[in-house]
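Asker: First, the structure itself, so that you have it in front of you.
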Amino acid sequence: MDELPILEVRRIEANIIKPIYEEMVEALGEERAQEILTTAINKDAVRQGQGLAASTDEPNNLQTFSTLTERWSKGDALKKDFLHVGEDRLEFNVVRCKYAEVYKEMGLSHIGTILSCGRDGSLCEGYNPDVTLNRTQTIMGGASHCDFRFSMEKKD
């Protein structure tokens with residue numbers, strides 16, 4: 001059986017997180033609730049990245065990463081324009097993001113970055129600590145596109 005597209009996983013997660021987050025805001029304030037949610041989501045993303053790396057016998061470089069993350073685009077969730085795909089560098093722009101659209105429909109645009117965009121760097125950390133994501137803008141943040149620039153360099 002095929003796994004659910006990540007867009008549907010995120011929609012399910014958001015439906016569960018929304019009432020919990022609202023209670024945290026009421027009890028702790030928005031800033032503290034966002035800090036807790038960010039920490040939890042990022043820890044989970046590191047774990048997911050480790051699972052992604054363990055899911056293949058291929059080298060855990062950026063070319064392999066690119067193929068393993070195709071599930072994030074299923075269901076036309078992301079429209080990407082690829083600029084470079086290689087072992088040590090992966091560059092693309094996302095020009096349409098249904099994740100942003102879903103969070104807006106759910107009234108969760110204000111935490112959409114925490115639920116999706118913010119986890120990308122942590123996912124990379126779990127996949128391979130030598131991978132770095134440099135992204136200066138996102139559709140979720142109001143930009144026309146997301147600029148994903150991954151690089152891989154051995155760290156001490």
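The values are calculated or read from the model by the stated rules, or taken from the named source; none is laboratory data. This is a predicted model, so every value here is computed, not measured. Positions of Cβ are backbone-derived with ideal geometry, glycine not excepted, and every protein chain shown enters the neighbour counts.
Asker: Let me spell it out: the conditions are (1) at pLDDT below 95; (2) closer than 22 Å to Gly107 by Cβ, and Leu4 meets all of them except one. Which number is the exception?
Answerer: (2)
Asker: So which residues in region 77-133 are more than 17 Å from Pro5 (Cα to Cα) and charged (D, E, K, R), if there are any at all?
Answerer: Within region 77-133, Asp81, Glu87, Asp88, Arg89, Glu91, Lys104, Glu105, Glu125, Asp130 meet the criteria.
Asker: Can you confirm whether region 87-100 contains a residue that is farther than 27 Å from Tyr21 by Cβ and of a type in the set (Val, Ile, Thr)?
Answerer: Within region 87-100 (the criterion being farther than 27 Å from Tyr21 by Cβ and of a type in the set (Val, Ile, Thr)), the answer is yes, since at least one residue qualifies.
Asker: So, one more: Do we have any residue at all in region 98-110 that's out of contact with any Pro (no Cβ under 9 Å at 6 or more places or on another chain) and closer than 20 Å to Ala53 by Cα? First the steps, then the outcome.
Answerer: To start, the set of residues in region 98-110 that are out of contact with any Pro (no Cβ under 9 Å at 6 or more places or on another chain) comprises 98-110.
In the following step, the residues that additionally are closer than 20 Å to Ala53 by Cα were identified as none.
No: zero hits.
Asker: So, one more: Among what's in region 66-85 and is of a type in the set (Ser, Thr, Tyr) and surrounded by 13 or more Cβ atoms within 10 Å (Cβ to Cβ), pick the residue that is nearest to Arg96 (Cα to Cα).
Answerer: This residue is Ser73.
Asker: What do you reckon, is Met152 over 17 Å from the mean Cα position of the chain (by Cα), aliphatic (A, V, I, L, M) and buried (at least 19 other Cβ atoms within 10 Å of the Cβ)?
Answerer: Considered against the rule, which asks whether it is over 17 Å from the mean Cα position of the chain (by Cα), aliphatic (A, V, I, L, M) and buried (at least 19 other Cβ atoms within 10 Å of the Cβ), Met152 comes out as yes.
Asker: May I ask you to say which residue of Asp76, Asp147 is of a type in the set (D, E, K, R) and closer than 21 Å to Glu13 by Cα?
Answerer: Asp76
Asker: What tally of residues in region 25-39 results from selecting those that are among the small types (Gly, Ala, Ser) and surrounded by 12 or more Cβ atoms within 10 Å (Cβ to Cβ)?
Answerer: Qualifying residue count, region 25-39: 1.
Asker: Now for a different question. What tally of residues in region 1-37 results from selecting those that are of a type in the set (Asp, Glu), part of a loop (DSSP other than H, G, I, E, B) and in contact (Cβ under 8 Å) with a residue 40 or more places away in the chain?
Answerer: 1
Asker: Now, a different point. Could you list, in sequence order, the residues of region 121-147 that are within 11 Å of the chain's Cα centre (by Cα) and either crowded, with 20+ Cβ neighbours inside 10 Å or of a type in the set (Ser, Thr, Tyr) (or both)?
Answerer: Ser122, Leu123, Cys124
Asker: Sticking with this structure for a sec: Note down all Cβ pairs under 8 Å where the first residue falls in region 86-110 and is farther than 24 Å from Phe65 by Cβ, the second is outside any strand (DSSP E or B) and among the aromatic types (Phe, Trp, Tyr), and they're at least six residues apart or on different chains.
Answerer: Final answer for the pair search is Ser109/Tyr103.
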